[in-house]
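Reading through the structure tokens given below for one structure.
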Amino acid sequence: MKYLFRELYRHKWRTITGISGYLLASLFLMLVLSLNYSQQNDSVGILRSTGTHFIVYLPSTVSCCRPGCEDPVNGSLIAEGGFAQMLNSDVIETVRATSGVRAAAPYLLYKIHDENLQCDITLGGIDTSNIATKTNVCSADNIIAGTYLSGNMGEVVAEEAFAMAHKLKVGDTLHTFGGKMIVGGIVNSGIKPGKADLYATIDNVRDVLKENLLCISDGFDMNIILVEVADARIQPRVMNDIKKQLSFLAVSSYNCYQPASDVMGIMEGAGTVMTVLIFIFLVIFSAKTQFAGLIERYRELGILKSLGWTNSSLSFSIVLSSVIQSLAGSIAGILLGLLVVFLLGLNGARVLDSFDFIVQPGRIGLLVLLCLAGSVIATIWPVIKLARAEAGDMINSYN
Amino acid sequence: MGFIIECISLGKTYKRKGSAFTALSDINLKVSENEALLIRGRSGAGKSTLIHLMSGLIRPTSGKVLFDGIELGNSGNSILSEILLNKTGIIFQNFNLLPAYTVFENIELGILPKKTNSGKYREIINEYLKQFDLEGKEQLLPAELSTGQQQKVAVIRTLVREPSLIFADEPTGSVDDQSASEILEHLMNLKRQKNITLVMATHGNIPDRYADRIIELENGRIKG
């Protein structure tokens, strides 16, 4: 060890160069990892939940389950413009149990022809507390007037387009679906697969439709299942899994997840590629430094070999010297990186407004490990060269 | 009396950039234990190459070298290191001292891998420094010594390791007559007292009386 440190000190410029390489590499790696982590937290976090929804239903040629109900006046169970059969709770439990499914909500979508308004009206019964409802149908976030559903009997919210067409305002009463409905709020839910004209809580809708839907019974009280997936990247797999398990069901998505998934892949890939490139640079740079060190000491190492020093002890000194340089460089780089991240984060000194650098403590360990791995990999060629060389030839070399 | 070294049809050819140079060919030689063998020859005759081959520092391109029955050319690095560390010692023609290390450290580097008790080897080193008139020069760098003193340091570095076979390549080539006598007397004393074997190479400045046997090398072959 004494001689090892002596050598490091003796060739101080080479040692400083080696340490500087690790310092710069770990500094850049730290900034890349911090930026990458921050991106995951922000943009990737948003993209991950983009388009992660789809609906599941049982398509049918029969409009409802009551004999004689085919008359459009009596209404029909629908999904995506076609008829859909009632589903039982076993189906939603199966969907919920599918790996990757974040949430699944029951949805009851019914259409009637309203004689008073002289048009078809769709009424959606929703579970307001479920995230899958928010992403597939509507939520309190979509309210543009009035209040969202509180669960009161007869309370509905109307889609903005429907309200505009029929000049509905908050507080208006609608006489439809065989009863009175008060418009508590108006929503604009955007383009959603489960969109309806009016929404009420699913219990209220069940109650409203109980006369029309004799098939509503315990366990059979929805005709669509709204699904939310944990991550856009696994959506195709989840949809396939559900199709495999419940092959009689239609699974429908707007495929919004696809570009989000692609973008996320590109962003994460870019971060990984950047990290790999810096790591490769680190290894090449370090290998060059270590190799230069070996060539510089080649003759001396030959002399030591002739004195009985083993290849393993000399190799160990080369590896240890590289590890010491990488440890010193990476620790200095990390400290400098922390300082840079801190300075970049200061409000007054914020240079890059659009970028946030968030240090993840766990990644500091990874960074040190990367540098250590790089330092060991960098010594492979010098160690092989040392082991293969004969002491006599090394002594006679005057490089 | 057994043979400690045996060279059988030994040859060495150096190949560099398409050209080949034969430094030694068809060397057959046996060295007995406790023998003092003097290899004599002009510069370029192949003396250093023969010393390097016999000590295992380089591997032959033909033939073989047996050390105590072990074929050096086929031996692994660990066996060679073991022999170099515990059984043989080499005094190089150009000393091969490490320029950045002090006299004491240069000598210490020769004994460190033996993992000897540091107190013990310090005593031994100091004793040798005294015997070779280098007392007080322990902390000097080789460049601060005369050529003869550097030669002595190289000799001490070998002697402190107490090898049973010493290869000495021009051990007195760079010293004055008095120092040369001192070095050779030391080696002879060791031969007598500790039964070591000596293989020395010279271009002619080691008197015959220091050798039990003399061989002459010419153009990479043993003469006569």
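Remarks
- Single residue of segment B:91-104 satisfying the filter (under 15 Å from B:Leu159 (Cα atoms) and out of contact with any strand residue (DSSP E or B) (no Cβ under 9 Å at 6 or more places or on another chain)) that is surrounded by the most Cβ atoms within 10 Å (Cβ to Cβ): B:Val103
- Condition met for B:Leu84 (within 16 Å of B:Ser164 (Cβ to Cβ), facing chain A (nearest Cβ under 8 Å) and part of a helix (DSSP H, G or I)): yes
- Hey, B:Ala20 more than 14 Å from chain A (Cβ to nearest Cβ), at pLDDT below 90, touching a strand residue (DSSP E or B) at 6+ places or on another chain (Cβ under 6 Å) and more than 30 Å from B:Gln139 (Cα to Cα) or not: yes
- The one condition in (1) farther than 30 Å from B:Leu141 by Cβ; (2) buried (at least 21 other Cβ atoms within 10 Å of the Cβ) that B:Thr88 fails to fulfil: (1)
- Being surrounded by 23 or more Cβ atoms within 10 Å (Cβ to Cβ) and modelled with pLDDT of 90 or more is a property that A:Val157 has.
- Residue count, segment A:174-219 (criterion: of a type in the set (Asp, Glu), surrounded by 14 or more Cβ atoms within 10 Å (Cβ to Cβ) and either closer than 21 Å to A:Ile131 by Cβ or at pLDDT below 80 (or both)): 1
- Residue check for A:Val227: in contact with a helix residue (DSSP H, G or I) (Cβ under 7 Å, 6 or more places away or on another chain), hydrophobic (A, V, I, L, M, F, W, C) and closer than 14 Å to A:Tyr107 by Cβ: yes
- Residues that are out of contact with any helix residue (DSSP H, G or I) (no Cβ under 9 Å at 6 or more places or on another chain) and within 16 Å of A:Ile224 (Cβ to Cβ), drawn from segment A:134-146: A:Thr135, A:Asn136, A:Val137, A:Cys138
- Here B:Lys130, B:Lys120, B:Lys152 are screened, and the one residue that is more than 14 Å from every other protein chain (Cβ to nearest Cβ), assigned to a helix (DSSP H, G or I) and crowded, with 21+ Cβ neighbours inside 10 Å is B:Lys152.
- For segment A:283-301, filtered to residues that are among the small types (Gly, Ala, Ser) and crowded, with 23+ Cβ neighbours inside 10 Å, the residue that is nearest to B:Gly76 (Cα to Cα) is A:Gly293.
- The condition of being at pLDDT below 75, surrounded by 13 or more Cβ atoms within 10 Å (Cβ to Cβ) and within 30 Å of the chain's Cα centre (by Cα) holds for only one of A:Gly345, A:Gly374, that being A:Gly345.
- Flag for A:Ser150 being assigned to a loop (DSSP other than H, G, I, E, B) and more than 26 Å from A:Gln235 (Cβ to Cβ): yes
- Each residue in segment B:87-103 was checked for being at pLDDT below 90 and more than 10 Å from chain A (Cβ to nearest Cβ), and 1 pass.
- Only one of B:Arg213, B:Arg192, B:Arg209, B:Arg157 that is surrounded by 20 or more Cβ atoms within 10 Å (Cβ to Cβ) and out of contact with any Ser or Thr (no Cβ under 8 Å at 6 or more places or on another chain): B:Arg157
- Scan segment A:297-332 for residues that are facing chain B (nearest Cβ under 8 Å), touching a residue at least 40 places away in the same chain (Cβ under 8 Å) and among the aliphatic types (A, V, I, L, M) and the total you get is 1.
- Just one of (1) part of a helix (DSSP H, G or I); (2) away from every other protein chain (no Cβ under 14 Å) fails for A:Asn255. It is (1).
- Matching option when the condition is more than 29 Å from B:Ser43 (Cα to Cα), buried (at least 18 other Cβ atoms within 10 Å of the Cβ), out of contact with any Lys or Arg (no Cβ under 9 Å at 6 or more places or on another chain) and of a type outside the set (Phe, Trp, Tyr), among B:Pro171, B:Pro142, B:Pro113: B:Pro113
- Residue, farthest from A:Ser286 (Cα to Cα), within segment A:1-21, restricted to residues that are within 11 Å of chain B (Cβ to nearest Cβ) and in a helix (DSSP H, G or I): A:Lys2
Let's see how each residue does on (1) surrounded by 22 or more Cβ atoms within 10 Å (Cβ to Cβ); (2) more than 17 Å from B:Ile4 (Cα to Cα); (3) of a type in the set (Lys, Arg):
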| position | (1), (2), (3) |
| --- | --- |
| B:Ser25 | no, yes, no |
| B:Arg40 | no, yes, yes |
| B:Ser75 | no, no, no |
| B:Ile79 | no, no, no |
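- Among (1) of a type in the set (A, V, I, L, M); (2) modelled with pLDDT under 90; (3) under 25 Å from B:Asp26 (Cα atoms) - the single one B:Met54 does not satisfy: (2)
- Residues of segment B:42-61 satisfying the condition of being among the hydroxyl-bearing types (Ser, Thr, Tyr) and surrounded by 16 or more Cβ atoms within 10 Å (Cβ to Cβ): B:Ser48, B:Thr49, B:Ser55, B:Thr61
The values are calculated or read from the model by the stated rules, or taken from the named source; none is laboratory data. What you are looking at is a predicted structure, and each value in this text was computed from that prediction instead of being measured. Backbone-built Cβ (ideal geometry, glycine too); neighbour counts: all protein chains shown.
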